[in-house]
Each structure stands twice: as structure tokens, then as C-alpha cells.
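**Q** One structure is given below, represented as C-alpha cells, and several questions about it will come after.
The values are calculated or read from the model by the stated rules, or taken from the named source; none is laboratory data. Since this is a predicted model, take the numbers as computed values, not measurements. Note: ideal-geometry Cβ built from the backbone for every residue, glycine included; neighbour counts use all protein chains shown. Accessible surface is based on the protein model in full, side chains and every heavy atom, while ligands, DNA and RNA are left aside. Shrake-Rupley method; radii C 1.70, N 1.55, O 1.52, S 1.80 Å.
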Amino acid sequence: MLRGPLGNNSYKPRFSGHDTFPFRYQWLTKLSFYLKNEGAKKVKEFEQNKLDNIVNFGMGMNMVKSMRHWGIFTKVCDTNFELTNFGKQVFASEKSFDPYLENVSTLWLLHWALVSNPELTTWYYAFNYFESVAFDREKLTNDITSISKFSKWSGASENTIKRDVDCFIRTYTVSTKKGEITEDSLECPLAELNLISSEGTKNYFEFQRGPKPTLSLDVFEYALHDYWDKKTKTSEILTFEKIMYDFGSPGKVFLLDEKSLEFYLESLENKKNAIFRFAKGAGGLKQILKISDLQEKELLKKCYDRKVA
């Protein structure tokens, strides 16, 4: 029986909404600027006014729907098209932290938003459940299809899952044509994180578990704090194993190994005004203590070199 969020009897899978497009450079910027300047639109108005969408965004309706989907799942806006605090702080204006997606910390934060959320079924399953390091499209598709049949998920046809898996792979990999990287090879900015590598063919891939040189300590702290809030509002202690191996944990989402995770946890304790403490007890017991708290707004500020004016 499937454990964790995807094994819950009330779980509702999602394999669509992106219209087969990974989010692209400038999409979140365009959406954020539009929502800040024009205000939130009703869903029907946003989808049906095709001429306005072409004028405002320079893209057809399928891409506009996809942009809306990714805006919601990256937590840039909510389902009512209201900008979130994250969207306002990072994207919504020239004075925001990273309006043009030039900072790698933003990519890690977007990845965290996608993969720590069980609503995005293929993304969540691949990073949190999938046991193979090496895989191909067929393997991942078959695994999810088998689970959907066993769990009796509605609306989860094999073709739908296959398209979703394809979109997932394109989110994190660089495509090649005749072995060459072209201008269109990097469809989604998350491919820059090198979390999934293509091993010489378009169908064979590997998850890259281990150290993440571009994952800053501040982004890790933001993710750990977010994970802690999702898991418990009352406990002041979590085990090392929980943070390493739990569904939706920093260890799983960032594909860390134990040595890398321990490095981040030890480094957090040494930060000025630390909010976490890493304790090693007898018998190898390792625990993380939450000794203070910060609001998301303050944690986000720490992820960037400059402040919003």
C-alpha cells in the first residue's frame, strides 16, 4: 500500500493544467507584472479574452493557461489570481528581489514550491517516492500508471500520465537535436539546477543526488522552516531522519545525501540569530531543534543579497 500523502484515501491526483508546457523564462515575470498592474482577473475572463491575452503576453491561449497553472503552483499567485507575498517580493516589480529570474536562489525556491507540494502528482512522486536513480520515460510512466490503477484514481489515463511525465522531464533537462544543444534546448529554467541529467539519449535519465553547490544556506533554511510548519505547529524537535527521508522534506526535494544534509544543519546553527540548533546525542541520535521563529517575508529577504526598496 502506498504510504504518505499520495496514499491518502482522499488524495486527488493532478496530471494536467500545464497544457504540456513547462514554465519558461519570463512567464512568471509577465504574469506578476500583469497582476500587479491590472489586478486579479476572473478565471473565465482570463481564459476567454484571447485578443487581450495575445496583446498582454505575446502568446496563444494554451500557453496562457499553462502560465496560469505554473503561477499557482510556484506560489507566485493564488487560485484567485491574487499575487502572494512570495510573488510580490520576488517578481512583481523592478524593485523586487529577482523580477527577471537571474538569481539561482529563485530557481531553488521555485523547485521547492513545486516538489514539496503533493498536489502536483508526477513532480511529487518522482522526487519523494521513486526509488530508482536511473530511469526512462516508460519506467516512470508505468510506475505512476500502476499506482493510479491500484489506488483507483479518477481521470488518470495512461496517455494523460505519459504527457505529464514528458512535461516533468522537460522541466529539468536540456533537450538536444541530433546530439547538439540549440537555442531552444533549455525549455524551463529549472534545468539549470542539474537535478536530472540526460545520459546520452532522450529516454534515459539519472537523478543527481549529493552536494548542491548552488543551493544557498538561506534557501535551505527557508525550505526547512516551510517543511517544519507543514509537518507540525507545536513540536520544537525533528529527527535528522525525518528531514532527510520524509515525504516533502528538504533531503528528498533537494536530492541531498546524508553528508550534505548534515553540513547544512551544522552551518545553520552557526548563523547569526540562528533559528535552528543541530544536536548530536548518544548512540548517534541526531535531532534538530527549533529555537526561534521568523515570518516567511523575513526568511525570503535572507535569500537575496539586496532588500526591496
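**Q** Of the residues Leu195, Leu190, Leu215, which single one is open to solvent by less than 50 Å² (accessible area, probe 1.4 Å), farther than 19 Å from Pro22 by Cβ and out of contact with any Gly (no Cβ under 7 Å at 6 or more places or on another chain)?
**A** Being open to solvent by less than 50 Å² (accessible area, probe 1.4 Å), farther than 19 Å from Pro22 by Cβ and out of contact with any Gly (no Cβ under 7 Å at 6 or more places or on another chain) holds for just one of Leu195, Leu190, Leu215, which is Leu215.
**Q** Please verify whether the stretch 149-166 includes one or more residues that are surrounded by fewer than 22 Cβ atoms within 10 Å (Cβ to Cβ), touching a Gly at 6+ places or on another chain (Cβ under 9 Å) and modelled with pLDDT under 95.
**A** There is at least one residue in the stretch 149-166 that is surrounded by fewer than 22 Cβ atoms within 10 Å (Cβ to Cβ), touching a Gly at 6+ places or on another chain (Cβ under 9 Å) and modelled with pLDDT under 95.
**Q** Hey, another quick one. Where the second residue is open to solvent by less than 80 Å² (accessible area, probe 1.4 Å) and not β-branched (Val, Ile, Thr) and the first is at positive phi and without any contact (Cβ under 8 Å) to a residue 40 or more places away in the chain and lies in the stretch 190-219, which pairs have Cβ atoms under 7 Å and are six or more apart or on separate chains?
**A** Cβ pairs passing all conditions: Asn194/Gln208.
**Q** Which members of the stretch 1-15 meet the condition of being more than 20 Å from Tyr245 (Cβ to Cβ) and either open to solvent by 40 Å² or more (accessible area, probe 1.4 Å) or among the hydrophobic types (A, V, I, L, M, F, W, C) (or both)?
**A** Hits for the stretch 1-15 are Asn9, Ser10, Lys12, Arg14, Phe15.
**Q** Residues in the stretch 103-116: is at least one farther than 24 Å from Leu217 by Cα, touching a Pro at 6+ places or on another chain (Cβ under 8 Å) and in contact (Cβ under 8 Å) with a residue 60 or more places away in the chain? It would help to see each step written out before you state the result.
**A** Pass one, the stretch 103-116, residues farther than 24 Å from Leu217 by Cα: none.
The answer is no, given that none of the residues of the stretch 103-116 is farther than 24 Å from Leu217 by Cα, touching a Pro at 6+ places or on another chain (Cβ under 8 Å) and in contact (Cβ under 8 Å) with a residue 60 or more places away in the chain.
**Q** Show the residue pairs that are 6+ apart or on different chains and have beta-carbon atoms under 9 Å apart, the first residue being within the stretch 228-239 and under 13 Å from Gln287 (Cβ atoms) and exposed (fewer than 13 other Cβ atoms within 10 Å of the Cβ), the second being of a type in the set (Phe, Trp, Tyr) and at pLDDT 85 or above.
**A** The qualifying pairs are Ser235/Trp228.
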